[in-house]
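Trainee: There's a structure below that I have some questions on.
The values are calculated or read from the model by the stated rules, or taken from the named source; none is laboratory data. Nothing here was measured: the structure is a model prediction, and the numbers come from that model. All Cβ positions, even for glycine, are placed from backbone atoms using ideal geometry, and neighbour counts span all protein chains on display.
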Amino acid sequence: MIRAERHERILSELARRGTVSAQALSAELGASVATIRRDISDLAGRKALIRTHGGASLPSHREELPFDAKLMTNLAEKRRIGAEAGARIEDGTFIACGGGTTVMQMLPSIRRKSLRLVTTAINVALELRETQSVEVTLTGGTLRRRTAETVGHIAERTLRDINIDVAIIGVDGIDALRGLTTFDPNEAYVNRVMLERAHEVWILADHSKFGEVLPAVIAPAITAARVFTDTGTSDAAAAPLQDLGIEVIRV
């Protein structure tokens with residue numbers, strides 16, 4: 001198993017358990033304890049986890065992970081979620097999206113479709129730069145380096161001037177009562193404007209986001225027509241959203 005795969009597995013185990021030991025990871029991943037300790041040190045250096053005596057733990061959920069660390073966490077689930085959402089987008093749709101790590105996994109499945117897409121995310125635009133069938137518009141604005149998304153009045157003004165068929169975003173927390181939430185208030189505000197301009201809203205969120213509540217509110221949960229998630233989301237976690245009339249799609 002190569003290092004990137006080990007890092008993905010370590011972060012996925014942490015997301016599931018909260019804490020892990022180097023000894024247990026060594027047995028599960030088939031790598032030496034010394035190798036696992038080096039992996040933990042690498043990830044700690046990127047602030048993706050906290051090194052502990054004998055293992056690792058997750059940072060407080062109030063601390064936002066770097067983009068690369070988010071990308072590797074629950075990657076298999078994010079790929080399934082993104083592929084399912086992308087498969088349901090029809091040719092000719094005008095979509096808007098942010099640049100969340102689950103949204104990024106949607107992009108391969110829309111490459112052969114004829115679409116118009118507006119995004120706040122530089123990484124989305126770069127990923128689609130060779131895709132001739134997708135017309136890509138960047139909102140512009142002030143770059144938020146941690147997520148490679150743009151915020152501020154320029155991004156807001158661009159979004160307010162258009163009508164969107166489907167807005168698709170990822171969130172850091174989803175709760176039926178306390179809404180769709182994230183870490184940064186500026187990013188939350190621009191996403192809120194995007195959702196307001198859309199005929200329909202889709203949320204892409206793996207199971208770890210359910211029940212989480214972060215400081216910045218994007219919108220009430222009922223704003224979403226569909227929530228795409230993975231089979232790790234339990235019936236009990238999905239039910240409060242379904243009670244609001246939201247379609248919860250688990251893949």
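Trainee: Quick one: which residue in Ala85, Ala96 is modelled with pLDDT of 95 or more, part of a strand (DSSP E or B) and surrounded by 23 or more Cβ atoms within 10 Å (Cβ to Cβ)? Spell out how you get there, then give the answer.
Mentor: Working: Ala85 fails: part of a strand (DSSP E or B).
Criteria check complete, one pass: Ala96.
Trainee: Just to be sure I understand, how many residues within the stretch 110-127 are crowded, with 20+ Cβ neighbours inside 10 Å and not polar (S, T, N, Q)?
Mentor: Count: 6.
Trainee: Which of the residues spanning the stretch 137-154 are within 20 Å of the chain's Cα centre (by Cα) and either among the aliphatic types (A, V, I, L, M) or more than 11 Å from Asn186 (Cβ to Cβ) (or both)?
Mentor: Of all residues in the stretch 137-154, those within 20 Å of the chain's Cα centre (by Cα) come to 138-139, 143-151.
Scanning the stretch 137-154 gives Leu138, Thr139, Leu143, Arg145, Arg146, Ala148, Val151.
Trainee: Would you confirm whether or not the stretch 211-219 contains a residue that is surrounded by fewer than 17 Cβ atoms within 10 Å (Cβ to Cβ), among the aliphatic types (A, V, I, L, M) and in contact (Cβ under 8 Å) with a residue 24 or more places away in the chain?
Mentor: For the stretch 211-219, residues surrounded by fewer than 17 Cβ atoms within 10 Å (Cβ to Cβ), among the aliphatic types (A, V, I, L, M) and in contact (Cβ under 8 Å) with a residue 24 or more places away in the chain: present.
Trainee: Among the residues of the stretch 119-149, write down those that are hydrophobic (A, V, I, L, M, F, W, C) and either part of a strand (DSSP E or B) or in contact (Cβ under 8 Å) with a residue 12 or more places away in the chain (or both). Talk me through it step by step, then tell me what you get.
Mentor: Within the stretch 119-149, the first condition is being hydrophobic (A, V, I, L, M, F, W, C), and the residues that meet it are 121-122, 124-126, 128, 134, 136, 138, 143, 148.
Answer for the stretch 119-149, where residues must be hydrophobic (A, V, I, L, M, F, W, C) and either part of a strand (DSSP E or B) or in contact (Cβ under 8 Å) with a residue 12 or more places away in the chain (or both): Ala121, Ile122, Val124, Ala125, Leu128, Val134, Val136, Leu138, Leu143, Ala148.
Trainee: Residue by residue through the stretch 150-178, note down the ones that are assigned to a helix (DSSP H, G or I) and touching an Asp or Glu at 6+ places or on another chain (Cβ under 9 Å). Walk me through how you get there before you give the answer.
Mentor: At the first step, the residues of the stretch 150-178 found to be assigned to a helix (DSSP H, G or I) are 153-160.
Hits for the stretch 150-178 are Ala155, Leu159, Arg160.
Trainee: Looking only at the stretch 3-33, count every residue that is outside any helix (DSSP H, G or I) and either at pLDDT below 80 or under 24 Å from the mean Cα position of the chain (by Cα) (or both) and tell me the total.
Mentor: Within the stretch 3-33, the first condition is being outside any helix (DSSP H, G or I), and the residues that meet it are 18-21, 30-32.
Narrowing the set further to residues that are either at pLDDT below 80 or under 24 Å from the mean Cα position of the chain (by Cα) (or both) leaves 18-20.
The total comes to 3.
Trainee: Only one of (1) more than 20 Å from the chain's Cα centre (by Cα); (2) within 23 Å of Glu77 (Cβ to Cβ) is not met by Arg116, so which one is it?
Mentor: (2)
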